[in-house]
Amino acid sequence: LHELLRSVLPGYAMLRGAGKFAFLTAIFLAAAAGLGYDALENKPARGRRGAAGCAAAAALLLLLALVLGRGGSAWTRLLELLSTGSFIERGVHAAAGFARDSAAVFSGALRAAALALAAAAALAWAGRRRVWARQALAALAILELLVFAARARGRVVAAREYPVSWREVLAGGDGQDRVLHDFTTHPNAALPLRARDAWGYSALVPRRYAEFMAFTQGVPPDLASQYILFSKDSPLLNLVRLRWVFGGEGKVLQRKDALPRALLVDDFSVVAERDAALKALAHRSFNPRKVVLLERPPRPSPVAGGAKGTVRVLAESSDSIELAVELPAPALLLLTDSYDPGWTARPLEPGPQAAYELLAADYALQAVPLEAGRHRLRLEYSPRSFRVGAGLSALAWLLWAALGIHILLRRKSDKIQPRALHS
């Protein structure tokens, strides 16, 4: 529904990534609250079931708060499961202080939700006979939605408010280069400027990429987070195709040696361990245009001369890219996009390979081993979580459709009046 809402609903396109889900949630909750209130107004006796459901949910949440709020082994295991790929330092889950404090925050949120549900249960029960109770229940729903919305607010500066020099540089490029700006004074400047950002103000940055960028600034990778203070230029920033640095008062610094979006390389070296790979990348003898660091040997393996082919970007979206490649010999296709296990590669037409393997390259980037010949392939971000979510969404649509059909048929049958029989 995102594309439909973005093009039809005024203001929706102005919401940043994670905010869209909060927006949809608020719409759904508002509609559900309105339907519930109408049901109570039409048939106040229904408050009995609503009160029972709210009371049961409140009891369940309170029980979870009591069990997990102690910060014991169950909470520690849950933390380890939920924080895979996050910026929490390794082993910190087992620290008594961290487990205790995080469990206290979590259990506090559960208790607050249980309290709201208990209040809803009491008002729904009283609302069977009291108009004021039903109105108070509606006020509680409105208050909860307002609190929810207040915590999800944010804004970005419009593109026209940024320096003219920044906009001119971006207008004259091919749109593939990345920019870096002072996000303490211009947070997410690349977003309204429709530029590709080497670093922004986001909690969704992949851990590998964050560790790589922290290393470029002399910060130990184990301390990587979504907050990095960029204070020095590093040759490693060429690997993420950083071309422009935007400074205060409209200043623009152009970097000359940034890599392109995609290139062909015919040599590789296997370095499986993170710190060793980052150290090798930083060595003065490393040339990213000639050698790719991989974590395991590629199949097929490149041979000398393979990099003399051509590569073109045919099409792209926020989560996919299509490329055409011609090679006289096997080579590695290096893409200066962030690596994540959710990325896959597949052929778009018959060619020299029936399948493609996407590897982590230069620790934080992507590489695809290619045979000699003509390739047309598509790289797509499709993690398992997305596929599971899509399946659940499809199931939900089917259930809602079945429920809607059932309600319509029942209403139609209720309208049919029996005819009198005449002798």
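The values are calculated or read from the model by the stated rules, or taken from the named source; none is laboratory data. Remember, predicted model here, so these are calculated numbers, not experimental data. Cβ atoms come from the backbone with ideal geometry, glycine included; neighbour counts cover every protein chain shown. Side chains are part of the model used for accessible areas, which takes the heavy atoms of the whole protein and leaves out ligands, DNA and RNA. Shrake-Rupley method; radii C 1.70, N 1.55, O 1.52, S 1.80 Å.
Considering segment 174-200, the residues that are more than 22 Å from D319 (Cβ to Cβ) and either part of a loop (DSSP other than H, G, I, E, B) or open to solvent by 50 Å² or more (accessible area, probe 1.4 Å) (or both) include one that is modelled with the highest pLDDT, namely A189. Listed residues R100, R6; which is open to solvent by 70 Å² or more (accessible area, probe 1.4 Å), under 30 Å from the mean Cα position of the chain (by Cα), of a type outside the set (V, I, T) and at pLDDT 80 or above? The unique qualifying residue is R100.
Remark: G69 matches the filter, which requires a residue to be modelled with pLDDT under 85 and under 30 Å from L140 (Cα atoms). Against the numbered list (1) at pLDDT 80 or above; (2) open to solvent by less than 60 Å² (accessible area, probe 1.4 Å); (3) in a helix (DSSP H, G or I); (4) of a type outside the set (V, I, T), W132 comes up short only at (2).
Scan segment 257-280 for residues that are farther than 17 Å from D222 by Cβ and either of a type outside the set (D, E) or in a strand (DSSP E or B) (or both) and the total you get is 14. Any chance segment 283-302 includes a residue that's on the phi > 0 side of the Ramachandran plot, exposed (fewer than 14 other Cβ atoms within 10 Å of the Cβ) and out of contact with any helix residue (DSSP H, G or I) (no Cβ under 7 Å at 6 or more places or on another chain)? Within segment 283-302, none of the residues are on the phi > 0 side of the Ramachandran plot, exposed (fewer than 14 other Cβ atoms within 10 Å of the Cβ) and out of contact with any helix residue (DSSP H, G or I) (no Cβ under 7 Å at 6 or more places or on another chain). Going through (1) in contact with a strand residue (DSSP E or B) (Cβ under 7 Å, 6 or more places away or on another chain); (2) at pLDDT below 90 one by one, A361 falls short only on (2). Residues of segment 321-366 that are touching a Ser or Thr at 6+ places or on another chain (Cβ under 8 Å), under 19 Å from K290 (Cα atoms) and among the small types (G, A, S): A364 alone.
Of all residue pairs spaced 6 or more apart or on separate chains, those with beta-carbon atoms under 6 Å, a first member in segment 5-28 that is farther than 18 Å from G200 by Cα and a second member that is outside any helix (DSSP H, G or I) and at pLDDT below 75 are A22/A152; F23/L15. Could you go through segment 145-157 and let me know if any residue there is within 27 Å of A262 (Cβ to Cβ), at pLDDT 80 or above, open to solvent by less than 80 Å² (accessible area, probe 1.4 Å) and of a type outside the set (D, E, K, R). So far as segment 145-157 goes, no, none of its residues is within 27 Å of A262 (Cβ to Cβ), at pLDDT 80 or above, open to solvent by less than 80 Å² (accessible area, probe 1.4 Å) and of a type outside the set (D, E, K, R). Any idea how many residues of segment 303-315 are open to solvent by less than 70 Å² (accessible area, probe 1.4 Å), under 24 Å from A258 (Cβ atoms) and not hydrophobic (A, V, I, L, M, F, W, C)? Result for segment 303-315: 2.
Among the residues of segment 141-170, those identified as assigned to a helix (DSSP H, G or I) and small (G, A, S) are A141, A149, A150, A159, S165. The condition of being open to solvent by less than 40 Å² (accessible area, probe 1.4 Å), over 28 Å from the mean Cα position of the chain (by Cα), among the small types (G, A, S) and modelled with pLDDT of 95 or more holds for only one of A262, A280, that being A280. Quick one: would you say A138 is open to solvent by less than 40 Å² (accessible area, probe 1.4 Å), assigned to a helix (DSSP H, G or I), touching a residue at least 24 places away in the same chain (Cβ under 8 Å) and over 30 Å from L66 (Cβ atoms)? Considered against the rule, which asks whether it is open to solvent by less than 40 Å² (accessible area, probe 1.4 Å), assigned to a helix (DSSP H, G or I), touching a residue at least 24 places away in the same chain (Cβ under 8 Å) and over 30 Å from L66 (Cβ atoms), A138 comes out as yes.
Whenever a residue of segment 73-92 is outside any helix (DSSP H, G or I), its partners that are modelled with pLDDT of 70 or more and of a type in the set (S, T, N, Q), lying with C-beta atoms within less than 9 angstrom and at least six residues away or across chains, give the pairs F87/S225; F87/Q226.
Among the residues of segment 219-231, not a single one is assigned to a strand (DSSP E or B), at negative phi and open to solvent by less than 20 Å² (accessible area, probe 1.4 Å). Taking the criterion of being surrounded by fewer than 16 Cβ atoms within 10 Å (Cβ to Cβ) and either over 27 Å from A210 (Cα atoms) or among the aromatic types (F, W, Y) (or both), the only residue of segment 327-345 that qualifies is P328. Taking first residues from segment 173-196 that are on the phi > 0 side of the Ramachandran plot and partners that are open to solvent by 60 Å² or more (accessible area, probe 1.4 Å) and not in a helix (DSSP H, G or I), the Cβ contacts under 9 Å between residues at least 6 apart in sequence or on separate chains come to G175/R194; G175/R196; N188/R16; N188/Y201.
Among residues of segment 366-409 being surrounded by 10 or more Cβ atoms within 10 Å (Cβ to Cβ) and among the basic types (K, R), the one that is modelled with the lowest pLDDT is R387.
Does L236 qualify as being open to solvent by less than 70 Å² (accessible area, probe 1.4 Å), more than 20 Å from H181 (Cβ to Cβ) and in contact with a Leu (Cβ under 8 Å, 6 or more places away or on another chain)? Taking the combined requirement at face value, the residue does not satisfy it.
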